[in-house]
1. Please go through the range 92-123 and give me each residue that is surrounded by fewer than 16 Cβ atoms within 10 Å (Cβ to Cβ) and in contact (Cβ under 8 Å) with a residue 60 or more places away in the chain, ordered by number.
2. Say whether the condition of being closer than 22 Å to Val207 by Cα and touching a Lys or Arg at 6+ places or on another chain (Cβ under 8 Å) is met by at least one residue in the range 81-92.
3. Would a scan of the range 30-42 turn up a residue that is on the phi > 0 side of the Ramachandran plot and in contact with a Lys or Arg (Cβ under 7 Å, 6 or more places away or on another chain)?
4. Of all residues being more than 22 Å from Arg42 (Cα to Cα) and not in a helix (DSSP H, G or I) in the range 99-117, which is modelled with the highest pLDDT? Just the residue, please.
5. Right, Ala70: outside any loop (DSSP other than H, G, I, E, B), small (Gly, Ala, Ser) and within 23 Å of Leu161 (Cα to Cα) or not?
6. Looking at the range 1-35 only, could you name the residues that are outside any helix (DSSP H, G or I), of a type in the set (Phe, Trp, Tyr) and surrounded by 11 or more Cβ atoms within 10 Å (Cβ to Cβ)?
7. Using the structure shown, decide if Arg43 is in contact with a helix residue (DSSP H, G or I) (Cβ under 8 Å, 6 or more places away or on another chain), in contact (Cβ under 8 Å) with a residue 40 or more places away in the chain, part of a strand (DSSP E or B) and of a type outside the set (A, V, I, L, M, F, W, C).
8. If you scan the range 138-162, which residues turn out to be surrounded by 20 or more Cβ atoms within 10 Å (Cβ to Cβ) and within 25 Å of Phe49 (Cβ to Cβ)?
Amino acid sequence: MFEVVHDHECPYIPGMTAKTDYRLIEDCSAAEYQRLLQRGWRRFGCTFFRPICADCLECRSLRLEVERFAPSRSMKRTWKKNQDIKVLLQPVSMSATHLELYEQYHRDMALRRSWSDKTISAGHYFQTFVEGKNDFGFELLYMKDDRLLGVALVDILPEALSAVYCYYRPDERVRGIGVFSVLMQIELARRRGIPYVYLGYWVEPNVSMRYKSRYRPHELLDGRPGFDEEARWRPPAVEHPTPRPTTRSTLGSPDYGA
């Protein structure tokens, strides 16, 4: 394991400086990864990272308890709208179609939300999403008539499903594929008996990260616990109204291959 602590421009809040702890772990086991995830670490490739800013706690790790999740009416509508999508689960991969779709998504987000409009090389995509997949890195492919509409990268562990990244066709934005993808990951976890879905960092001031708190009920990690400390997850201090509990079967099931 190789560790680096790095000060850099905050990717979430303009004008802020962030400090991030990076750890390079080439052969991370599922058990070790789960301990990291429970303590607020995220993964891209073989790099695990966690913000350690001294004067800011805006990046809050957020997770859902699968069996208690209650979709809102809007989420149910999005689920029904996408019943014609075929969902394929497979080990994470890379193709020219992946790269093209990734760049289309980022160009659209640059126009709508002022993201950096960047191209991605095959090598960079491989290092970020494929490398380090071990036996837990998978992708959900969202297909319609043999056309790839979106890709969700997920890590599947015995006690957790981690949402790594999702991108989709801008011309299919009306479908709400981002919302559908989160619901699909919750459904996948439910079918496999996985108790938690980790959505990454909830950053309330950032419009692109704020959405995560809409999935309820959820828990937030207290602070930044070390490996010798207990990871304490609690409901948010200010509870939002949670939709009336419902069974996930009321949403129906898309064509799903796993």
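The values are calculated or read from the model by the stated rules, or taken from the named source; none is laboratory data. Here the structure is a predicted model, which is why all the values come from computation and not from measurement. Quick reminder, even Gly has a Cβ in these numbers, built from the backbone with ideal geometry, and neighbours come from all protein chains shown.
1. If the condition is that a residue be surrounded by fewer than 16 Cβ atoms within 10 Å (Cβ to Cβ) and in contact (Cβ under 8 Å) with a residue 60 or more places away in the chain, then Gln104, Arg107, Arg113, Trp115 are the ones that fit.
2. No - not one qualifying residue is present in the range 81-92.
3. Filtering the range 30-42 for residues on the phi > 0 side of the Ramachandran plot gives 40.
Add one more test, that the residue is in contact with a Lys or Arg (Cβ under 7 Å, 6 or more places away or on another chain), and what stays is 40.
Yes: one or more hits.
4. Here the residue is Ser114.
5. Details: outside any loop (DSSP other than H, G, I, E, B): no; small (Gly, Ala, Ser): yes; within 23 Å of Leu161 (Cα to Cα): yes.
Spelling it out, it is not the case that Ala70 is outside any loop (DSSP other than H, G, I, E, B), small (Gly, Ala, Ser) and within 23 Å of Leu161 (Cα to Cα).
6. Let us first name the residues in the range 1-35 that are outside any helix (DSSP H, G or I), namely 1-29.
Okay, now just the ones that are also of a type in the set (Phe, Trp, Tyr), so 2, 12, 22.
Passing the criteria: Tyr12, Tyr22.
7. Numbers: in contact with a helix residue (DSSP H, G or I) (Cβ under 8 Å, 6 or more places away or on another chain): yes; in contact (Cβ under 8 Å) with a residue 40 or more places away in the chain: yes; part of a strand (DSSP E or B): yes; of a type outside the set (A, V, I, L, M, F, W, C): yes.
Criteria met by Arg43.
8. Phe138, Glu139, Leu140, Gly150, Val151, Ala152, Leu153, Val154, Asp155, Ala160, Leu161, Ser162, listed by residue number.
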